[in-house]
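Computed from the coordinates by the stated procedures, all read-outs in this text should not be read as laboratory data. These figures come from a predicted structure and were not determined experimentally. Cβ atoms come from the backbone with ideal geometry, glycine included; neighbour counts cover every protein chain shown.
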Amino acid sequence: MNIIKLYDHELSGNCFKVRLLLNQLSLDFESIKIDVFTGENKKDFFKKINPAMKIPVINDSGIILNESNAILLYLSDKYKSELLSNSLEDRAKIYSWLMYNKTSVDPFLAKARAIKKFYPDDKQDLDELKSLKIEGNKSLRVINDYLSTSNFFCSGYSIADIAMYPYIKLSYEGEILLEEYKNILNWIDRVENTAKFIPIY
Ligand SMILES: N[C@@H](CCC(=O)N[C@@H](CS)C(=O)NCC(=O)O)C(=O)O
């Protein structure tokens with residue numbers, strides 16, 4: 001019996017996306033911790049697994065795949081999950097939001113979080129942080145407006161919600177606050193109430 005291997009770290013929002021989907025699909029998996037804080041991801045053994053030297057990566061019966069949102073698409077496709085909708089219109093929305101997530105949400109929210117949570121004070125570039133907050137808030141406004149007429153990113157809960165969740169939930173760690181985004185706060189509640197949800201930490 002194949003057990004999916006997930007190269008993982010408990011503080012990584014991108015790894016959390018994959019863990020959440022695996023849990024919600026009730027798929028067995030082995031979590032293999034790669035300590036990015038000590039540079040394990042740059043060692044030769046891991047470069048062979050992912051030359052881009054980043055986690056998450058999965059190995060599913062020899063199919064080795066990196067990029068969190070690609071992994072969400074692959075797993076939901078392979079395991080025929082309703083989290084990648086049966087409707088073409090919904091799938092189109094999912095593709096679009098997955099791209100938006102990786103171009104306009106995570107790059108700002110995750111980087112702001114990394115600066116404030118993981119960088120020592122003397123390595124924090126406060127000008128960069130300021131512009132990340134401005135760009136991150138622009139994207140949050142777009143999402144908040146969208147969620148004024150929709151409970152989820154397509155007609156039901158999907159991998160687009162899973163992709164968006166971790167860095168929006170943790171945005172406060174990068175000093176990006178959600179108070180003014182009531183629709184986003186309500187969406188977070190809905191995501192956290194889906195079946196087999198697991199807390200981020
Ligand atoms: N676009 C990639 C980003 C992956 C990424 O940045 N992973 C971080 C952890 S969340 C990492 O491996 N960082 C280690 C490094 O850059 O040295 C994805 O979505 O999977």
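Projecting the Cα atoms of A92, I115, A163 onto the dipole axis of the stretch 88-192, where Lys and Arg carry +1 and Asp and Glu carry -1 at the beta carbon, places A92 farthest toward the positive end.
I'm a student and want to see the number: the projected area of the Cα convex hull of the stretch 4-78, averaged over all directions, in nm².
Values: hull surface 18.1 nm².
Across all orientations, the stretch 4-78 yields a mean hull projection of 4.5 nm².
Taking label points 7 Å from Cα along the Cα-to-Cβ direction, D44 and K117 give a separation of 3.3 nm. Structure remark: mean-square fluctuation, Gaussian network model of the chain, C-alpha springs under 10 Å; the largest value among P56, P120, P166 belongs to P120. The count of lysine pairs in the stretch 4-78 whose Cα atoms are under 20 Å apart, excluding pairs fewer than 8 places apart on the same chain, comes to 18. Farthest towards the positive end of the charge dipole of the chain, among the residues P199, Y79, N186, is the Cα of Y79, using unit charges on the Cβ of Lys, Arg, Asp and Glu. Under the simplified labelling scheme, the N193-S26 pair shows an inter-label distance of 2.3 nm, with each label point 7 Å from Cα along Cα→Cβ. Centroid-to-centroid, using Cα positions, the stretch 37-73 and the stretch 1-33 are 12 Å apart. For the options F118, F153, F29, a Gaussian network treatment of the chain with springs between C-alpha atoms closer than 10 Å singles out F118 as fluctuating the most.
Can you list which of the DSSP-assigned H helices in the chain have a Cα extent of 20 Å or more along the long axis and an average Kyte-Doolittle score of at least -1.0? Before the final figure, lay out each step's value.
Values: long enough: 126-146 (30 Å, -0.58).
Span-like helices here: 126-146.
The dipole here belongs to the chain: it is taken about the Cα centre, uses +1 on the Cβ of Lys and Arg and -1 on the Cβ of Asp and Glu, and is about 300 debye. DSSP beta bridges confined to the chain are antiparallel in about 60 percent of cases. Structure remark: mean-square fluctuation, Gaussian network model of the chain, C-alpha springs under 10 Å; the largest value among L75, L177, L88 belongs to L88.
Relative contact order for the stretch 19-96 using alpha-carbon pairs under 8 Å, separation at least 6, rounded to a whole percent? The partial results should precede the final answer.
Numbers: 47 pairs, mean separation 12.1, N = 78.
Computed value for the stretch 19-96: 16 percent relative contact order.
The aspartates and glutamates whose alpha-carbon is closer than 13 Å to the alpha-carbon of K116, local same-chain residues fewer than 8 away aside, are D125, D127, E128, E173, E175. Applying 0.36 nm per residue to the separation of Y79 and K33 and subtracting their alpha-carbon distance, the gain on full extension is 14.1 nm.
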